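The values are calculated or read from the model by the stated rules, or taken from the named source; none is laboratory data. Predicted model only: the values in this text are computed from it and were never measured. Note: ideal-geometry Cβ built from the backbone for every residue, glycine included; neighbour counts use all protein chains shown.
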Amino acid sequence: MRRTAGGSWLADAARGAVAGAVGTWLMDLVTTGLLEGQSQETKQREEAARPNGKGSVENLVDRIETMSGRPLDETQRSMLMQGIHFGLGVAPGAVYAVLRDRVPLVRAGRGLLYGLLLWAVNDEYANSALGLAAPFDAYPLETHWRGLIGHAVLGTATDSGIDLLGG
């Protein structure tokens, strides 16, 4: 049974956070599968485009480490990278859950618009603008398609997860 707008914002946020974590996990499964199916040439072009030879989350961890002046061991780096990665699904998932029944356009496509907006803002704009990833045209087109598909899964899985959790 669907609730109507005006329910508890905190409960909605908690459902969205859990659903966002699960959505992130599903996105990872899909994008990993797509990456495995790409040609070696495409993989090499993507690797060559990455600043410092690293993905955006790892570059962010490097920046945090430098700014804090506190070196991290490999276990700490790995945990922080996972925390940031999942946090980028959990936090927006919580916001999405709070807004989806209160602002009609937010839920367009049952989470599809939400996922595509996350892709456009995070993957295609913010990471490059912050120097965590190379500019758009440095990557093969397959990289962008993989991200778009993965975020479509993230958005729809988050929406469905919120429903399954009673939202």
* Asked: Among the residues of region 145-164 satisfying the criterion of being out of contact with any Gly (no Cβ under 9 Å at 6 or more places or on another chain) and closer than 28 Å to SER8 by Cβ, which is surrounded by the most Cβ atoms within 10 Å (Cβ to Cβ)?
  -> ASP163
* Asked: Do we have any residue at all in region 32-45 that's buried (at least 16 other Cβ atoms within 10 Å of the Cβ) and of a type in the set (Lys, Arg)?
  -> yes
* Among the residues of region 102-111, how many are free of Cβ contacts under 8 Å to residues at least 60 places away in the same chain and surrounded by fewer than 17 Cβ atoms within 10 Å (Cβ to Cβ)? -> 6
* Asked: Does ARG50 satisfy the condition of being among the basic types (Lys, Arg) and modelled with pLDDT of 95 or more?
  -> yes
* Please enumerate the residues belonging to region 48-101 that are surrounded by 15 or more Cβ atoms within 10 Å (Cβ to Cβ) and assigned to a loop (DSSP other than H, G, I, E, B). => ARG50, LYS54, GLY55, LEU72, ARG100, ASP101
* Asked: Across region 124-144, what is the total count of residues that are free of Cβ contacts under 8 Å to residues at least 60 places away in the same chain and either part of a helix (DSSP H, G or I) or crowded, with 18+ Cβ neighbours inside 10 Å (or both)?
  -> 9
